[in-house]
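A.B. asks: Handing you this structure, nothing more for now.
The values are calculated or read from the model by the stated rules, or taken from the named source; none is laboratory data. Quantities reported herein were computed from a predicted structural model and do not represent experimental measurements. Cβ placement follows ideal geometry from the backbone for every residue including glycine, while neighbour counts extend to all protein chains displayed. Heavy atoms of the whole protein, side chains included, go into the accessibility calculation; ligands, DNA and RNA do not. Shrake-Rupley method; radii C 1.70, N 1.55, O 1.52, S 1.80 Å.
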Amino acid sequence: MKTIEASGVKAIFVRTGFYEAPENLAAEELLLKDRTGEYLLIYENNPCVVVGKYQNIYEEVRLPYTEPNGVPVYRRESGGGAVYHGKGNINFSFIGPAGDEPQQRYDEATGWIVSALNSIGIPAYVRGACDIVLKDGKTGTEKKISGSAQCVKSGRSLVHGTLLYNADIEALRASLSPPSGTYTSRAIKSRKSPVSNIYPLFCRASTDEFITHLCEFIPHLEEYSFTSEEKYTISELVSSKYRDEGFIFGMSPKCVFNNRVEISGGVFTSHITVEKGIIMNADIFWSKEPAHSAAVVTALTGRPYRFESCVHALSEVFPDDSELCLLLAHEMI
């Protein structure tokens, strides 16, 4: 199969044809574990949040926003922090031999992105190991436009990242906003940085036109699309792993949530222990309705720790007050 070259990287360009994160994550895993050679993928996902393998979803994702707004949450095989995906947020993946120095793979991936941006007058540069940033023309503040993560398996490396071209920054911030209370866990925490889109600062091309430029910067000779057999393998991996609640939520490390807030003239406190995505025990007290505390604990214990699950549990205790159930649930996760 013919290859493409850029910045010292030789890769087969793969157009996945998928627009959902689980399918694209599975496609990356297939090329990482079951293939040889080097591959480059560029794609967009529909809105979702993808967390790193060792992260606690509850600390990273604002479930009271994502669940009602239909923004699903997924987990990837690589480490790193939580990322919002959606139209205008371009994903790229470099897959190939790991080599002796894993950082070299980061350098190749970020070097290609920076070179492509610089070629059209966008003064982006690498910060640290794997971030790409721009300086705000007015304030001089660095704004992150790209972050990457890596997974190494059996001598092969996957470096994948996102590039904020014309993403929904408001949805990004709402999805990744801090929780109402505090969590205690041993999970890997995301490093928060100011972010910016490229589009309003330097470009006016459509996202598709911008992606075309990225592809053209590497003068590829031939594209590759997955075969029917490969698509079947990908779909099996999606079902067994990337859409599996046990992998998505169950991989979150054990955590304890604490919060104390005033609600409707009473003090509401919550102390919730979560393990493998399930509420193992809880201590809930609302000074305005102290008699209902035991019933709330009973309704919550053993349930999946999700926003809508908490709302449903509370509705069993306060069946005639849906607004109260929503308000309390917001302060419990």
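A.B. asks: Just want to confirm a number: the relative contact order over the chain, from Cα pairs under 8 angstrom separated by 6+ residues, in percent. Present the calculation step by step, with values, prior to reporting the outcome.
C.D. replies: Values: 678 pairs, mean separation 63.9, N = 333.
The normalised contact order for the chain reaches 19 percent.
A.B. asks: How much of the DSSP beta bridge set in the chain is antiparallel, as a percent to the nearest 5? Please list the in-between numbers first.
C.D. replies: Values: 57 of 66 bridges.
Approximately 85 percent, going by the DSSP bridge assignments.
A.B. asks: Moving on to the next point. Mind listing the long-range amide H neighbours of CYS130? Cut-off is under 5 Å, sequence gap 5 or more, other chains count too, H placed in the peptide plane at 1.01 Å from N.
C.D. replies: Residues meeting the criterion, in which the H sits 1.01 Å from N, do not exist here.
A.B. asks: Turning to a different aspect of this structure: Within the accessible area of the chain, what % is carbon and sulfur when the probe is 1.4 Å and the other protein chains stay in place?
C.D. replies: Values: 7660 of 14930 Å².
That fraction is 51 percent.
A.B. asks: Using helices alone, I'd like the mean residue ellipticity at 222 nm for the chain: each DSSP H run of four-plus residues gives -39500 (n - 2.57), total over residue count, nearest 500.
C.D. replies: Values: 12 runs with 102 residues, N = 333.
Computed ellipticity for the chain at 222 nm equals -8500 deg cm²/dmol.
A.B. asks: Residue by residue through the stretch 307-314, what is 3J(HN,Hα) from phi via Karplus (6.51 cos²θ - 1.76 cosθ + 1.60, θ = phi - 60°)? Round to whole Hz and write x for glycine and proline.
C.D. replies: 4, 5, 5, 5, 4, 5, 4, 5
A.B. asks: Between SER180 and GLU101, what FRET efficiency follows from the Cβ-Cβ distance if R0 is 56 Å, with the result rounded to 0.05?
C.D. replies: Values: r = 42 Å, r/R0 = 0.76.
After rounding, the FRET efficiency stands at 0.85.
A.B. asks: What translational D, rounded to a whole number of µm²/s, comes out for the stretch 208-333 from Stokes-Einstein when the hydrodynamic radius is the Kirkwood one over Cα pairs, at 10 °C and 1.306 mPa s? Write down the numbers at each step before the final one.
C.D. replies: On the way: Rh = 17.9 Å.
Rounded to a whole number, D works out at 89 µm²/s.
A.B. asks: Ordering ILE278, ILE234 from largest to smallest accessible area (1.4 angstrom probe), what's the sequence?
C.D. replies: Largest to smallest exposure gives the sequence ILE278, ILE234.
A.B. asks: Can you give me the accessible area per residue for the chain, using a 1.4 Å probe, in Å²? Write out the running numbers ahead of the final one.
C.D. replies: On the way: 14930 Å² over 333 residues.
I get 45 Å² per residue for the chain.
A.B. asks: In nm, to one decimal, how far is the GLU229 label point from the LYS192 one, both placed 7 Å along Cα→Cβ?
C.D. replies: Inter-label distance under the simple model: 5.0 nm.
A.B. asks: Could I ask something else about it? If you average the sequence gap of Cα pairs under 8 Å that are 6 or more apart and divide by the length of the stretch 117-246, what percent do you get for the contact order?
C.D. replies: Working: 98 pairs, mean separation 21.3, N = 130.
Normalised by residue count, the contact order of the stretch 117-246 is 16 percent.
A.B. asks: Ignoring ligands and nucleic acids, what accessible area does ASP321 show with a 1.4 Å probe (Å², nearest 10)?
C.D. replies: 70
A.B. asks: To two decimal places, what compactness ratio does the stretch 1-151 give when its Cα radius of gyration is scaled by 2.2 N^0.38 Å? Let's see the in-between values first.
C.D. replies: On the way: Rg = 16.2 Å, N = 151, 2.2 N^0.38 = 14.8 Å.
Dividing the Cα Rg of the stretch 1-151 by 2.2 N^0.38 Å gives 1.09.
A.B. asks: To continue, here is another question. Under a plain spin-label model, where a point goes 7 Å from the Cα along Cα-to-Cβ, how far apart in nm are ASN281 and ASN118?
C.D. replies: Label at ASN281, label at ASN118, 5.8 nm between them.
A.B. asks: Right, here's the next one. Run the 1.4 Å probe and let me know the accessible area of LYS241, rounded to the nearest 10 Å².
C.D. replies: Counting only protein heavy atoms, LYS241 exposes about 30 Å² to solvent.
A.B. asks: Between ASP321 and ARG260, what is the label-to-label distance in nm when each label sits 7 Å out along the Cα-to-Cβ direction?
C.D. replies: 2.2
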